[in-house]
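The values are calculated or read from the model by the stated rules, or taken from the named source; none is laboratory data. Everything quoted here is computed from the prediction, not taken from an experiment. Reconstructed Cβ throughout: ideal geometry from the backbone, glycine too, with neighbour counts over all protein chains shown. What goes into the accessible areas is simple: the full protein's heavy atoms, side chains included, and nothing from ligands, DNA or RNA. Shrake-Rupley method; radii C 1.70, N 1.55, O 1.52, S 1.80 Å.
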Amino acid sequence: MDLRVFATDRRARFRLLKDKTDKARKRDVVLNFGAARMAGGARASVRVVQMDNTFPFGTCINTSVIQNPAFVDFFTNHFDWAVFENELKWYHTEAQQGQLNYGDADSLLDFCDRHGVRVRGHCIFWSVEGDVQQWVKNLQGRDQLMAAVQARLRGLVSRYAGRFPHYDVNNEMLHGRFFRDRLGDDVPALMFTEAARIDPAAKLFVNDYNVECGNDPNATPEKYVELISSLQHGGAAVGGIGLQGHVSNPVGEVICGALDRLATTGVPIWFTELDVAEQDEGLRAQDLEVVLREAYAHPAVEGVVLWGFLQGAMWRQNAWLVNADGTVNEAGQMFVNLQKEWKTDARGSVDGDGNFKFRGFHGTYVVEVTTATGEQILKTFTVEKGDNNAPLLLDLAHV
């Protein structure tokens with residue numbers, strides 16, 4: 001028995017995460033404006049404001065919520081990624097054999113294009129038998145099912161080639177074996193390799209639930225690593241590890257332990273369907289904060305996607321961040337506050353060498369400089385993750 005006991009002092013845990021966050025998400029920056037240009041009796045004043053953080057946040061959408069002004073307002077202000085709740089799943093696009101329906105997916109893609117939002121492709125296949133449509137279950141023999149799998153791959157992935165940066169290829173393989181039991185253990189790797197052949201630019205993900213919770217013997221981090229290794233040995237280029245993140249009563253140390261184990265694969269990790277169910281909104285805010293801080297502090301995590309946020313429009317009850325009337329509840333305000341916390345606002349003066357130094361989160365910035373003569377200079381720049389914590393040196397004197 002693997003029995004682990006963890007302290008529940010979340011504030012103390014958050015203090016420990018501060019240094020991890022600083023190392024994973026920030027960089028030293030030196031802005032040079034030219035010593036000659038900055039010469040004068042009084043030093044030029046500087047204000048640096050971060051406009052966007054490059055760490056992605058997203059949410060699931062569907063054809064109903066994009067008609068809701070309360071949803072669209074919060075979505076466009078706080079997210080730069082999306083995923084379709086059901087509209088790309090096989091049981092939605094081909095509920096009856098041969099009767100294809102991509103109209104809903106197309107309309108959602110158009111919505112995302114209008115708002116400059118990138119989209120995860122969820123999902124090409126689903127391993128759990130209960131989520132496979134009846135006509136697929138009724139196919140006779142291996143050849144018919146394999147033909148249907150190939151047709152699904154060709155039809156979906158070729159239609160949207162270049163449109164989805166991510167695909168969840170065969171959803172929830174730790175919890176279902178529908179295709180493996182009928183087509184053999186090598187079929188998941190075949191799904192990956194064929195999807196990669198059709199759309200080489202897409203990152204192909206595994207995606208599953210409970211891995212980060214430590215309470216499901218079918219979904220331990222070790223079993224997930226074993227699955228990924230098996231796919232890789234079968235020739236699959238696994239481009240991402242999806243942790244769904246349907247959590248309750250999260251423990252930061254357990255989440256971190258899972259992330260550490262998965263990070264040994266060298267494959268980027270995303271939280272792909274995050275929601276936290278808790279009836280008390282204050283406790284919901286605290287629980288969501290635990291997951292978000294652990295994710296943001298971990299260098300292997302490259303994005304977080306929520307599984308909705310609006311009351312009355314979520315798969316799980318007691319998980320919403322925004323009330324039906326558009327007001328933001330305590331959990332939603334915590335999310336907004338964290339997004340503000342993870343942006344940099346620096347002020348000061350240019351030194352005698354014409355430099356201004358600060359440490360900031362990765363993202364896009366604008367800097368405003370007012371010289372001793374009253375001249376105002378406005379520049380934009382981007383802070384990206386550097387190698388070996390090397391500072392970013394930017395020459396803005398000649399830009």
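Tabulated values for the structure
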quantity	calculated
Dipole magnitude of the stretch 130-259 about its Cα centre (Cβ charges: Lys, Arg +1; Asp, Glu -1), debye to nearest 20	640
222 nm mean residue ellipticity, helices alone, for the chain (DSSP H n ≥ 4; -39,500 (n - 2.57); rounded to 500)	-10500 deg cm²/dmol
Calculated FRET efficiency for the pair T264/K340, C-beta based, R₀ 25 Å, to 0.05	0.15
Alpha-carbon Rg/Rh ratio, for the stretch 50-150, with Rh computed the Kirkwood way	1.08
Residues in the stretch 315-340 that a label on Q279 would reach, taking backbone N under 12 Å of a point 7 Å out along Cα→Cβ	318
Full-extension gain in nm, E384 to H115, via 0.36 nm per residue minus C-alpha separation	94.5 nm
1.4 Å probe accessible area per residue over the stretch 261-322, in Å²	31
Gain upon complete extension [D143, I198; 0.36 nm per residue less C-alpha separation]	17.7 nm
Under Karplus coefficients 6.51, -1.76 and 1.60, residue-wise ³J(HN,Hα) of the stretch 12-27 in Hz, glycine/proline x	5, 5, 4, 5, 5, 6, 4, 5, 4, 4, 4, 6, 7, 10, 10, 8
Long-range HN-HN contacts of L306 with modeled amide H, under 5 Å	G58, T59, C60, L274
Long pairs among K20/K203; K357/K385; K340/K379; K20/K343, criterion Cα-Cα beyond 19 Å	K20/K203; K340/K379
Per residue accessible area of the stretch 122-236, 1.4 Å probe, in Å²	42
Nearest-0.05 FRET efficiency for D216 and T364, computed from C-beta distance (R0 41 Å)	0.55
Those residues of the stretch 300-326 whose amide nitrogen sits under 16 Å from the label point placed on V72, 7 Å along Cα→Cβ	326
Apportionment of accessible area to carbon and sulfur, the stretch 52-146, percent (1.4 Å)	41
Most mobile of L274, L88, L139 in a GNM of the chain (Cα contacts under 10 Å)	L139
Protection proxy ranking, peptides 320-329, 191-200, average beta carbon neighbours within 10 Å, highest first	191-200, 320-329
